[in-house]
1. Consider all pairwise Cα distances in the chain and report the whole-number % of them above 38 Å.
2. Can you check what the net charge comes to around Phe296, using other residues whose Cβ is under 9 Å from the Cβ of Phe296 (Lys, Arg +1; Asp, Glu -1)?
3. Compute the orientation-averaged projected area for region 347-465 from the convex hull of its Cα atoms and round it to one decimal in nm².
4. Taking the DSSP beta bridges in the chain as the whole, what percent of them are antiparallel, to the nearest 5?
5. Across bins of 5 angstrom width beginning at 0, how are the C-alpha pair distances of region 310-362 distributed, in whole percent?
6. So if each residue of separation counts as 0.36 nm, and I subtract the Cα-Cα distance between Arg175 and Ala401, what length gain in nm does that give?
7. Rounding to the nearest 10 and keeping the result within 0 to 90°, find how far the Cα-based axis of helix 385-408 lies from the longest principal axis of the chain.
8. Starting from the Cα-Cα distance between Val443 and Glu386, subtract it from 0.36 nm times their residue separation and give me the gain in nm to one decimal.
Amino acid sequence: MEHTTVISPAEIEKQLSYCQAVAERNARRPEEKLLAFVDTYGCQQNEADSECIRGYLEQMGFGFTHDEEQARIIVINTCAIREHAEQRVFGNVGALVHVKRRHPDTLICLCGCMVQQPHAAKKLRESYRHVDLVFGPHALWKFPEMVHTLLTQRGRVFQTPDVAGSIAEGIPVVRQDSIKAWVSIMYGCNNFCSYCVVPYVRGRERSRKPQDILAEVRRLVEEGYKDITLLGQNVNSYGKDLDKPTDFADLLEAVNAIPGDFLIRFMTSHPKDATQRLFETMARCEKVAPVLHLPFQAGNDRVLKVMNRRHTRAEYLEKIRRLKALIPDIVLTSDIIVGFPGETTEEFEDTLRVLEEVRFDALFTFIYSPRPGTPAAEMDDPMSREEKLANFNRLTALQDAISEEKHAAYVGKTLRCLIDGLSDDSRYDLTARTPGNRLLRVVGAAAPGQFRDVKITGANKWSLFGELV
Ligand code: SAH
Ligand code: SF4
Ligand code: F3S
């Protein structure tokens, strides 16, 4: 594998000139409004990548649609984290065969994590002949060039180089939201948790320069964004690869110093690298939202070791205790895998005990899914699907009860919340988020994008209810 490549500004200029060339071809068909459909699976990292794809498409003269029949280019940005994610993509791509038959000049493109896996790329090459373009995360920066090649030459294009990864600044973006924005601060992952495909498909950790990140956040704040999430698979190792080493706490502090009324969030943190310095910085920085997503995956030390998480249950709990001491109203969320190969029901019960001790506000829970090429996929996995499901149900039942109790404790409080949209439930006018990012439905009149005091009047396990003060 090569080292990280920095894509030069001249390379991105060249891509923008390919956009121009495509736009000129498109302009020759003024009778037709050329539309693009971008469909995104997976995590926020993929959402952020899709914003770059839309940015390039806009430069090529495309408008946007959600209707496959109307689209002259379809881009599906895929995920590989669990088998189910892959099956959904293959199902939907299979169905596009009919769209291609009706509109042979529609370009069908697949990108993202799933296609970076050799088995998936092979399947697409051999059995999904209606797919014109396949490119992995490392090739995204040259999307315009690949589209141009498709339009000017015959044949299909496959670009899934197995490299350490690249960093490119200056790709145009079209954001989906006008209040909340994603800002990637680093790409890739070096952790190789034994169940996880991400390091294989997203390459090695590489950080953007602080000045590029700060300039982007400053621009977003000027444009009126109120809720900015700094993204990376493991933000706590931000900066380690930079010429002038810096760390994530320094970056948070610098983002916090940007003038303006906005919230800063970040994800994901890895427990092994979540430091006291980070917690102190969070406590000190008034714009950093009082919320931490800190995945612990499993509560048993033997399982954590085989998962290659490199932290113990006691270390995790100690970090949570210290964080709560600094920020008593911290909202905590986590990811959990149930049914890792060899995890017994007794070991799984250690996970339940972590829930009882920490009392998370919410959880993202998954049943283990074997990923080809990862060490865990080769491990003995004797537990039946039924047993795993029973454990999974015990886990969600316990968390539901905790979430309900935690939400009930909000009732009667008044919090400064960010109004983020209009409610689809007719009993409420607006949707909002608490500082800790809990969902709130609100009665009253306010424009989305405002911070307003909301009195919490009700709650259930999923959501809070309130009225503007
Ligand atoms: N970088 C983040 C997680 C990214 S993936 C972190 O380390 O916290 C999001 C979540 O998907 C993981 O936290 C894990 O809980 C889950 N996950 C990853 N691989 C999985 C697999 N093979 N089966 C089931 N869940 C998985
Ligand atoms: Fe996957 Fe672990 Fe990296 Fe998260 S830290 S992306 S779970 S390998
Ligand atoms: Fe999926 Fe890739 Fe994200 S595998 S979860 S889209 S990093």
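1. Above the 38 Å cut-off, the chain has 28 percent of its Cα pairs.
2. Net charge around Phe296: +1.
3. Projected area, direction-averaged: 10.1 nm².
4. DSSP beta bridges in the chain are roughly 30 percent antiparallel.
5. Using 5 Å bins, I get a P(r) of 4, 16, 27, 26, 16, 7, 4, 1 for region 310-362.
6. Result for the pair: 77.7 nm of gain on full extension.
7. 70 degrees
8. Full extension from Val443 to Glu386 adds 16.2 nm.
The values are calculated or read from the model by the stated rules, or taken from the named source; none is laboratory data. Bear in mind the structure is a predicted one, so any value in this text is a computation, not a measurement. Reconstructed Cβ throughout: ideal geometry from the backbone, glycine too, with neighbour counts over all protein chains shown. For accessibility, only protein heavy atoms count, side chains too; no ligands or nucleic acids. Shrake-Rupley method; radii C 1.70, N 1.55, O 1.52, S 1.80 Å.
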